[in-house]
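Worksheet for the structure shown next.
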Amino acid sequence: MSTDGISRRSFLKTSAAAAAAASLTSAIPAAAEDEGAFEPLPKAVILNMLPSELPLAERFQLAAECGFDGIEAAPMDDLDAAAEQGELARDAGVPIHSIIYGGWGNPLSHQDESVQEAGVEELRTALRSAEAMGADAVLLVPAVVNANVRYVEAYERSQRRIREVLPLAEELGIVIAVENVWNNFLLSPIEFAQYVDEFENPWLRAYFDVGNIVAFGWPEDWIRTLGERIVKVHYKDFIRDGREWVNLTEGDVNWAEVRQAFEEVGYTDFVTAEVSGGDQEHLTDLADRMERINRGLV
């Protein structure tokens with residue numbers, strides 16, 4: 001797919017959606033401000049952000065009590081234990097919606113093919129874990145560019161290795177969602193969109209991290225370019241001056257514009273907080289911040 005094609009479609013889609021949004025905003029009475037401009041998106045928390053001293057079932061119950069709708073978990077080699085974990089989460093009303101595999105340990109882009117192969121097997125384990133837990137996506141860091149791995153090598157190797165795993169993803173019904181991270185790779189929204197499109201496969205999509213973009217771009221721009229390629233979202237916030245991670249709504253993310261962009265592209269799936277964990281008070285405050293973002297109240 002040409003970058004010109006991406007740009008034309010994004011421009012037309014964004015222009016029409018922006019005009020409609022402007023019309024909608026002008027029609028909302030002041031009395032509706034407490035309800036917000038948007039329907040809320042389901043909110044999730046990462047399992048390791050919950051108090052580790054609590055038994056697993058109680059952690060899931062706490063997440064529900066704090067106002068979360070779902071959980072993001074890590075892969076497990078023991079698929080019976082993974083299935084039990086998924087059942088506990090569902091029983092508490094916070095189903096596991098996604099698995100964070102990552103990909104930093106054994107990058108698919110590594111110069112050593114044995115490392116690539118190990119990464120492939122780990123990704124397969126993550127997909128099987130996702131099925132056992134009842135999740136529908138696995139987060140993947142697709143490649144790492146460094147002094148030993150050229151950009152073009154990372155691009156080719158990662159796509160080749162991901163294609164090896166896509167038949168299993170389709171068989172299990174689990175999306176592989178490649179995420180934008182600080183890995184010196186996929187450094188523009190146009191390239192990210194092209195990378196996804198070149199697979200021509202619905203089981204390879206984009207996992208969009210709002211905070212990871214702030215150091216070198218604007219999240220709302222990436223959202224509007226990636227559009228319907230986005231299947232999962234991480235919420236983080238970041239201050240450019242000083243390069244500091246902060247709590248949601250305390251950094252440089254323009255949350256009002258980000259939420260508008262998600263509305264324009266039709267995103268309705270989970271948004272997962274990826275910040276510091278803590279106790280019930282901290283987690284309840286975090287869920288409230290996410291709710292206000294999701295309703296367009298910040």
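The values are calculated or read from the model by the stated rules, or taken from the named source; none is laboratory data. Computed from a prediction, not measured in an experiment: that's the story for all the values here. Glycine gets a Cβ as well: all are built from the backbone with ideal geometry, and neighbour counts include every protein chain shown.
Some observations on this one:
- Considering (1) more than 21 Å from residue 198 (Cα to Cα); (2) crowded, with 21+ Cβ neighbours inside 10 Å, the lone condition that residue 123 does not fulfil carries the number (1).
- Selection count where residues are crowded, with 20+ Cβ neighbours inside 10 Å, of a type in the set (S, T, N, Q) and not in a loop (DSSP other than H, G, I, E, B), scope segment 158-184: 1
Per-residue answers, yes or no, for (1) within 25 Å of residue 185 (Cβ to Cβ); (2) of a type in the set (S, T, N, Q):
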position: 53; (1), (2): no, no
position: 60; (1), (2): no, no
position: 63; (1), (2): no, no
position: 70; (1), (2): no, no
position: 84; (1), (2): no, no
position: 117; (1), (2): yes, no
position: 125; (1), (2): yes, yes
position: 133; (1), (2): no, no
position: 139; (1), (2): yes, no
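- In segment 185-277, counting only strands (runs of 3 or more DSSP E) that sit wholly within it, the ones holding 2 or more residues that are buried (at least 22 other Cβ atoms within 10 Å of the Cβ) span 204-209, 230-235, 271-273.
- Among the residues of segment 201-228, those identified as under 12 Å from the mean Cα position of the chain (by Cα) and farther than 16 Å from residue 268 by Cα are 211, 212.
Conditions tested, residue by residue: (1) in contact with a helix residue (DSSP H, G or I) (Cβ under 7 Å, 6 or more places away or on another chain); (2) acidic (Asp, Glu).
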site	(1), (2)
150	no, no
164	yes, yes
167	no, no
170	no, yes
177	no, no
180	yes, no
195	no, no
255	yes, no
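- Residue check, residue 277 of a type outside the set (S, T, N, Q), closer than 27 Å to residue 62 by Cβ and either modelled with pLDDT under 95 or more than 16 Å from the chain's Cα centre (by Cα) (or both): yes
- For the residues 112, 77, 91, the requirement of being surrounded by fewer than 24 Cβ atoms within 10 Å (Cβ to Cβ) and in contact with a Ser or Thr (Cβ under 7 Å, 6 or more places away or on another chain) singles out 77.
- Residue match in segment 138-152 (condition: touching a residue at least 24 places away in the same chain (Cβ under 8 Å), hydroxyl-bearing (Ser, Thr, Tyr) and within 16 Å of residue 174 (Cβ to Cβ)): no
Here is a yes/no grid of residues against (1) touching an Asp or Glu at 6+ places or on another chain (Cβ under 6 Å); (2) within 20 Å of residue 77 (Cα to Cα):
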{"position": "98", "(1), (2)": "yes, yes"}
{"position": "113", "(1), (2)": "no, no"}
{"position": "122", "(1), (2)": "no, yes"}
{"position": "134", "(1), (2)": "no, yes"}
{"position": "139", "(1), (2)": "yes, yes"}
{"position": "155", "(1), (2)": "no, no"}
{"position": "158", "(1), (2)": "no, no"}
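- Taken over segment 96-109, residues that are buried (at least 24 other Cβ atoms within 10 Å of the Cβ) and among the polar types (S, T, N, Q) amount to 2.
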